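Notes follow the structure.
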């Protein structure tokens with residue numbers, strides 16, 4: 001068949017791009033416009049091979065082979081097929097497993113079935129050499145593309161380079177059409193920009209009912225035992241808005257430097273920040289609110305799943321919006337919407353837990369040891385509130401950071 005196919009080793013392509021643009025192969029150091037990258041690969045492949053594109057295969061690793069948000073965006077693009085291998089952590093580093101084998105199998109199968117006349121390989125791994133040789137024996141022209149090396153040397157297997165029919169280099173000018181290095185301040189990259197909606201949740205005032213108990217629980221300044229010998233007093237650290245892991249540890253193992261909190265003091269609802277006694281039961285208006293699962297029929301559940309697979313990209317803010325949209329649209333009693341809006345920034349436990357479980361479908365747990373990152377949790381809830389406010393016409397003051 002007179003058409004071309006592109007096989008992309010994403011680990012190689014993006015890792016080499018990170019080395020070139022950011023000085024190290026960590027993909028966290030770059031931002032990628034996947035739509036522009038795919039279009040660039042297609043245009044370059046059709047121009048080099050002088051054949052129309054049949055398909056781009058994107059090979060990448062993912063923890064437990066769960067598609068990450070970028071994979072979800074890629075797999076619904078025209079003529080893009082995503083193939084995932086496993087991503088495992090060893091000695092503090094992530095490593096792909098099964099990606100090379102999947103590329104080898106796809107390469108040989110496409111050539112054997114004469115699915116195309118030209119195959120473009122974007123990889124540097126010498127393990128694909130037998131597959132390249134087999135494809136050539138089936139009459140397929142193999143084009144090998146390299147990403148410009150940061151040090152000017154090869155970043156591909158020399159045997160792979162020698163065996164290829166055609167060779168091209170994706171230089172810095174081409175890479176920067178779709179990939180950018182993240183701005184860094186010193187050694188570490190700065191945190192991503194905060195959405196105003198997230199800042200608004202963090203800065204929301206405490207309910208009046210929470211202020212009095214919190215004031216009553218304010219502990220007296222502890223005196224360090226050693227201070228009795230020199231007449232000095234060591235003051236406790238100032239109260240913090242959000243407890244740190246050290247604060248939490250002090251609740252279980254109070255030490256000399258940490259005041260012990262009363263047994264009744266617990267973390268506030270996770271939508272907020274700080275400390276407050278959690279009530280024994282939720283307010284009646286919260287407990288009576290139905291969950292999305294209770295409002296969803298079997299047919300709607302099937303349609304939701306299809307929408308999640310084909311159109312929802314997996315951005316935490318977007319996930320919160322989609323969940324809220326479905327919940328509001330399926331409510332029979334719209335008074336629940338007004339009641340929930342009045343509870344801002346709290347989300348009732350049952351609905352909040354369901355929201356986070358829904359978010360877990362999109363791979364947001366994968367790199368967090370089965371915990372959604374705190375920043376992602378705030379973004380999910382901010383998306384939920386944005387959708388709810390849009391539908392109720394509520395205007396809330398938003399603050400930046």
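Treat the count of other C-beta atoms within 10 Å as a stand-in for reagent exposure and order 5, 309, 56, 175 from fewest to most.
Lowest count first: 309, 175, 56, 5.
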Arrange the peptides 58-67, 153-162 so that the one whose residues have, on average, the most other Cβ atoms within 10 Å appears first. 58-67, 153-162
Over the stretch 82-151, what relative contact order in percent results from Cα pairs under 8 Å that are six or more residues apart? 28
How high is the relative contact order of the stretch 4-181? Use alpha-carbon pairs under 8 Å, at least six apart in sequence, and give a whole percent. 27
Place a point 7 Å from the Cα of residue 330 in the direction of its beta carbon; the residues of the stretch 284-300 whose amide N falls under 18 Å from it are 288-300
With a Förster distance of 35 angstrom and the Cβ-Cβ distance between residue 35 and residue 391, calculated FRET efficiency to the nearest 0.05 equals 0.75
Pair residue 93, residue 153: separation of 7 Å Cα→Cβ label points (nm): 1.6
Between residue 349 and residue 308, the two model label points (7 Å from Cα along the beta-carbon direction) sit apart by a distance in nm of 2.4
Would you mind putting 389-395, 20-26 in packing order, based on average other-beta-carbon counts within 10 Å, highest first? 20-26, 389-395
Going highest first, how would you order 76-87, 372-383 by mean Cβ packing within 10 Å? 372-383, 76-87
Of all beta bridges DSSP finds with both residues in the stretch 4-181, what is the antiparallel percent, to the nearest 5? 20
Cut-off 12 Å, label point 7 angstrom out along Cα-to-Cβ of residue 138: give me the residues of the stretch 67-106 whose amide nitrogen falls inside. 104-106
For the stretch 4-181, what D do you get in µm² per second when you plug the Kirkwood radius from alpha-carbon pairs into Stokes-Einstein at 10 °C and 1.306 mPa s? 97
Could you list log10 I(q)/I(0) for the stretch 10-90 at q = 0.14, 0.25 Å⁻¹, which the Debye formula gives when each Cα is one point scatterer? -0.53, -1.31
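Laboratory data are not the source of any read-out in this text; all were calculated from the coordinates shown. All figures in this text were calculated on a predicted structure; none of them were measured in a lab. Neighbour counts are summed over all protein chains in view; Cβ atoms, including those assigned to glycine, are modelled from backbone coordinates with ideal geometry.
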